[in-house]
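**Q** Submitted below is the structure of interest, expressed as structure tokens.
The values are calculated or read from the model by the stated rules, or taken from the named source; none is laboratory data. Note that this is a predicted model, so its numbers are computed, not measured. Positions of Cβ are generated from backbone atoms using ideal geometry, with glycine treated the same way; all protein chains shown enter the neighbour counts. Side chains are part of the model used for accessible areas, which takes the heavy atoms of the whole protein and leaves out ligands, DNA and RNA. Shrake-Rupley method; radii C 1.70, N 1.55, O 1.52, S 1.80 Å.
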Amino acid sequence: QRNIYKINHTFPGPGIYKIVVQDPNRNFGVKNIPNSVNVVFSISTTLYVNPSMGRNSTPVLLNPPYDKAAKGYVFIHNPAAYDPDGDSLSYKLTICTRDDGRQIENYSFPPATRSFSVDSISGDMIWDTPADTGIFNAAMEIQEWRNGKKIGSVVRDMQIEVFNTNNKPPVNGPLTDLCVEAGDTIDFLVTATDENNDFISLKSTSGVFTLDSCSAAFTKVNDTIAGFASSRFRWITCHEAVRNQPYDLIFKSEDGNKELSLVDIDNMKIKVLGPSPTLVN
């Protein structure tokens, strides 16, 4: 279920404002939040109002947080954050919050056999590997930067349910970061395999699919069979796509296992440069 809440608000003047949305309560039985059923769920956005900074839109999180995990296997989630203004984004783990956006007392990060972390550059939340089954809550903060200054942040708070299963998650093929000139065409196949020979669906999320001037396309290839899938990414870049920051692309494979559907997520970056100058004799 997805709920969308809208409100118009006029701020009294320049400043730093924290916007909090809360919903009573968290689910029963969250293992890393004591007495979770009586703890309010909340998320927040920090908004910097500064006329000298210019217009600003907060990052949009394109990847919904609904994936499941398997005990003993690495779990990865990426919010697929996209900043319409081309500002730089960084990521970090944070503590889940309760009423009024306050941190939950005695909160603990999900238990891992090796580590539980967030890649500050890619935004990958990596759980290596779940040490217990059950329901766990985790949160990350996505920070927005412009000219070396922090100008805002948003929080993703998600529930991860871990199962005991014989199913093994699919595995994506390798990806390579790209740097191209405006006007170039990018065209490549994305593949995934599944050791259990489950059928696989491939999805991609990125701001490049929402561009008005030259949006990209990600289409299924007909040779999809049990245990293997491929899709084609194609983007004819344009001058309007040129910006300082690269575009992040998230590729997600999900198996159709009847017992438990699992996923693999990988990401890559595409930098679009302005066309090179031409010498005129």
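**Q** What number of residues in the stretch 252-281 are over 22 Å from residue 185 (Cβ atoms) and free of Cβ contacts under 8 Å to residues at least 60 places away in the same chain?
**A** Within the stretch 252-281, residues that are over 22 Å from residue 185 (Cβ atoms) and free of Cβ contacts under 8 Å to residues at least 60 places away in the same chain number 5.
**Q** Right, another one. Inside the stretch 35-80, can you point out the residues that are on the phi > 0 side of the Ramachandran plot and touching a strand residue (DSSP E or B) at 6+ places or on another chain (Cβ under 8 Å)?
**A** Within the stretch 35-80, the subset on the phi > 0 side of the Ramachandran plot is 35, 54, 72, 80.
Listed by number, the residues that qualify are 72, 80.
**Q** Turning to a different aspect of this structure: Check residue 153 against each of (1) part of a strand (DSSP E or B); (2) farther than 30 Å from residue 52 by Cβ; (3) open to solvent by less than 10 Å² (accessible area, probe 1.4 Å); (4) not aromatic (Phe, Trp, Tyr) and name the one condition it does not meet.
**A** It fails just one condition, (2).
**Q** Inspect the stretch 266-280 for any residue being more than 29 Å from residue 127 (Cβ to Cβ), out of contact with any strand residue (DSSP E or B) (no Cβ under 8 Å at 6 or more places or on another chain) and either open to solvent by less than 50 Å² (accessible area, probe 1.4 Å) or among the aromatic types (Phe, Trp, Tyr) (or both) and give the result as yes or no.
**A** Quick first cut of the stretch 266-280, residues more than 29 Å from residue 127 (Cβ to Cβ) only: 271-280.
Now drop any that are not out of contact with any strand residue (DSSP E or B) (no Cβ under 8 Å at 6 or more places or on another chain), which leaves 277-280.
Okay, now just the ones that are also either open to solvent by less than 50 Å² (accessible area, probe 1.4 Å) or among the aromatic types (Phe, Trp, Tyr) (or both), so none.
No, the stretch 266-280 contains no residue that is more than 29 Å from residue 127 (Cβ to Cβ), out of contact with any strand residue (DSSP E or B) (no Cβ under 8 Å at 6 or more places or on another chain) and either open to solvent by less than 50 Å² (accessible area, probe 1.4 Å) or among the aromatic types (Phe, Trp, Tyr) (or both).
**Q** Then there is this: Which one of these is loosely packed, with under 13 Cβ neighbours inside 10 Å and hydrophobic (A, V, I, L, M, F, W, C): 216, 226, 241? Give the derivation first.
**A** On the way: 216 fails: loosely packed, with under 13 Cβ neighbours inside 10 Å; 241 fails: loosely packed, with under 13 Cβ neighbours inside 10 Å.
Result of the check over 216, 226, 241: 226.
**Q** For the stretch 1-113, which strands (runs of 3 or more DSSP E) that fit wholly inside it have 1 or more residues that are open to solvent by 50 Å² or more (accessible area, probe 1.4 Å)? Steps first, please.
**A** Values: elements: 15-23, 41-49, 68-70, 75-77, 88-94.
Those strands (runs of 3 or more DSSP E) span 15-23, 41-49, 68-70, 88-94.
**Q** Assuming residue 128 fulfils every condition listed in (1) under 18 Å from the mean Cα position of the chain (by Cα); (2) part of a strand (DSSP E or B); (3) surrounded by 15 or more Cβ atoms within 10 Å (Cβ to Cβ); (4) not hydroxyl-bearing (Ser, Thr, Tyr) apart from one, which condition is it?
**A** Unmet condition: (3).
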